[in-house]
Amino acid sequence: MKIIICNILKPSLSFKILQDFIDTALTPEFMEQSVLDVETMIQKDATCKNPVFLISAPGFDPSNKILNYAKKISKNYKSIAIGSAEGFALAEKALSKGIKSGSWVILKNVHLATGWLKEVEQILVKSKPHKEFRVFFVSEFSEKLPTTLLRNSIKALFELPEGIVSNLYGSLNGLINSDNMNREPAFRHRVYF
């Protein structure tokens, strides 16, 4: 009731009142931004039969999280940007090789080729992949993505954080970790500013 009255009398306070209500009703942790742990998602949830779909806002590329993890565990992978006829041929070749050998395939910008994704879906359904094989689709938000492929996939949504504090936190969270701190001094000084 307090929310409705506040919204009518003073709309500028509605957000604060609604946030207070959520804090009391659902706990403050409900409103905190959580950072997706890609490593755990790949280790525990991803399988050779279930692709991983990384869906992001325009201008944001979450594929570096997969690439960094693949380098960390010394996993053989192939990263391909979709958008040209050459990209499709390379992607199909990498998929067939990955299915047999167990390497990872990262297909970027798949929102540009939603018709071709239906062919990829058929390849994945008909194949008997190696147990270490993983395929990752990186896409922007799109209503044209094949629903059956999305239904059978593990999905992770990435949105750009709102506000300067969230942006700085996201940027620094990616920079300051043990791998970066143990690098050559030139990089370490950049991290410390």
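The values are calculated or read from the model by the stated rules, or taken from the named source; none is laboratory data. Everything quoted here is computed from the prediction, not taken from an experiment. Cβ atoms come from the backbone with ideal geometry, glycine included; neighbour counts cover every protein chain shown. What goes into the accessible areas is simple: the full protein's heavy atoms, side chains included, and nothing from ligands, DNA or RNA. Shrake-Rupley method; radii C 1.70, N 1.55, O 1.52, S 1.80 Å.
Values computed for the structure shown
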quantity	calculated
Filtered residues of region 82-108 (kept if farther than 20 Å from TYR69 by Cβ and either in contact with a Lys or Arg (Cβ under 6 Å, 6 or more places away or on another chain) or part of a loop (DSSP other than H, G, I, E, B) (or both))	ILE82, GLY83, SER84
Among (1) surrounded by fewer than 16 Cβ atoms within 10 Å (Cβ to Cβ); (2) touching a Gly at 6+ places or on another chain (Cβ under 8 Å); (3) of a type in the set (A, V, I, L, M, F, W, C), the one test that ILE8 misses	(2)
Scan of region 48-73 for residues that are touching a residue at least 60 places away in the same chain (Cβ under 8 Å) and open to solvent by 20 Å² or more (accessible area, probe 1.4 Å), ordered by number	CYS48, LYS49, ASN50, PRO58, GLY59, PHE60, ASP61, LYS72
Test: PHE137 is over 12 Å from SER153 (Cβ atoms) and of a type in the set (Phe, Trp, Tyr)	no
Of the criteria (1) closer than 20 Å to THR114 by Cα; (2) touching an Asp or Glu at 6+ places or on another chain (Cβ under 7 Å); (3) at pLDDT 85 or above; (4) not acidic (Asp, Glu), which one TYR69 fails	(1)
Scope region 128-153; condition in contact with a helix residue (DSSP H, G or I) (Cβ under 9 Å, 6 or more places away or on another chain), small (Gly, Ala, Ser) and buried (at least 16 other Cβ atoms within 10 Å of the Cβ); matching residues	SER139
Residue among ALA94, ALA156, ALA85, ALA89 that alone is farther than 16 Å from ASN50 by Cα, surrounded by 17 or more Cβ atoms within 10 Å (Cβ to Cβ) and either touching a residue at least 60 places away in the same chain (Cβ under 8 Å) or of a type in the set (A, V, I, L, M, F, W, C) (or both)	ALA94
Residue list for region 75-108, filter: at pLDDT 90 or above and among the hydroxyl-bearing types (Ser, Thr, Tyr)	TYR77, SER79, SER96, SER101, SER103
Hits in region 63-113 - residues which are over 17 Å from the mean Cα position of the chain (by Cα), closer than 17 Å to ARG134 by Cβ and of a type in the set (Gly, Ala, Ser)	SER74, ALA91, ALA94, SER96, GLY98, SER101, GLY102, SER103
Flag if ILE80 is free of Cβ contacts under 8 Å to residues at least 12 places away in the same chain, under 26 Å from THR40 (Cβ atoms) and of a type in the set (A, V, I, L, M, F, W, C)	no
